[in-house]
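See structure below.
The values are calculated or read from the model by the stated rules, or taken from the named source; none is laboratory data. Since the model is a prediction, treat every value here as computed from it, not as a measurement. Cβ placement follows ideal geometry from the backbone for every residue including glycine, while neighbour counts extend to all protein chains displayed. With ligands, DNA and RNA removed, areas are computed over all heavy atoms of the protein, side chains included. Shrake-Rupley method; radii C 1.70, N 1.55, O 1.52, S 1.80 Å.
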Amino acid sequence: SGIKVEFGKQWYQRRVRAPKSYSRYDQERFRAEKDTDEFKIDTLGGFASMKKPNAPGSSGPVSSGNRSSSHVQQKERQGSGRPVAQAKNPKRESKTPIVIVPASISSLINLYNVRDFLQDNRFVTAQEKEKQGYQKHSEVTISRKRDLVKMNALRGHAAPVTENQIVTVPYRIVDNPLRLDRKDWDRVVAVFVAGPGWQFKGWPGLMPDGNPVNIFTRMKAFHLKFEGLPTDKNVLKWDVTVLTVSKNKRHLDSVCALKFWEELDRFIVKNKRHLRF
């Protein structure tokens, strides 16, 4: 029995002195209160113990596990080639041509009757439109019907074969060009010249002496007058295409309007092909 007692003491002493195997859980358990008490972190819990991130707009910390997950998802989106945030589509620049007409009601063409003449191929005086109760607007839009085959032939490429070969092209008509911005001026394709030089006061490209010769290189100039009446002296000096209408023969109005469109098309093809016409 003495031998057994002595053997038991030796076994117990070796057991106590034996080095304990390493365990990170034991170490964290030992250091929990000392190192992590300030941050209130549960070092014994696994991923299951982590709380979900707070709802948007609420205050509170977001766990490192969720930050890591979000980072991985962001990397995956970047790796797939899909943008994380889509940029707003830039505003498209208008390609609608602009035509400037005189503001005076005494002019043969203005905002009162421009739609009748250029869209409907029928000349009506501004005085008649006023008697009819027509209300003048700050600007108007006319719709020009075009044959698709002829239009594409003018542009230099073939047209597709479709059942309907007629398309509608808009044109913006204004009488106060000083309201136009720089991009609008690039879209101005034609101007109806009344005659007096003060019509072009304040226009870009006007020469110091008031000569609009440079303006007519940037847009096609037209002058509308009655048949049999003399042409304005300024119009004769400038590079202006004169259009003549009859006072009584309304069946000839379409011929005059067609001449306007033919001359304008040639100018746009040569100088402003980027516009829709």
Residues listed by number, segment 222-256, amide nitrogen under 13 Å from Asn271 label point at 7 Å toward C-beta: 222, 239-241
Which links in Lys95/Lys225; Lys145/Lys270; Lys95/Lys145 stretch past 24 Å when you go from one Cα to the other? Lys95/Lys225
Quick one: ranking His274, His223 by accessible area, 1.4 Å probe, largest first, what do you get? His274, His223
Rolling a 1.4 angstrom probe over the protein chains, ignoring ligands and nucleic acids, what is the accessible area of Glu93 in square angstrom, nearest 10? 130
Ranked highest first by average number of other Cβ atoms within 10 Å, how do 134-140, 213-219 line up? 213-219, 134-140
Shape call for segment 165-214, from the Cα gyration tensor axes a ≥ b ≥ c (a/c under 1.5 means rounded, otherwise prolate when a/b beats b/c, else oblate), comes out prolate
Cα gyration tensor, segment 191-275 - rounded (a/c under 1.5), prolate or oblate: oblate
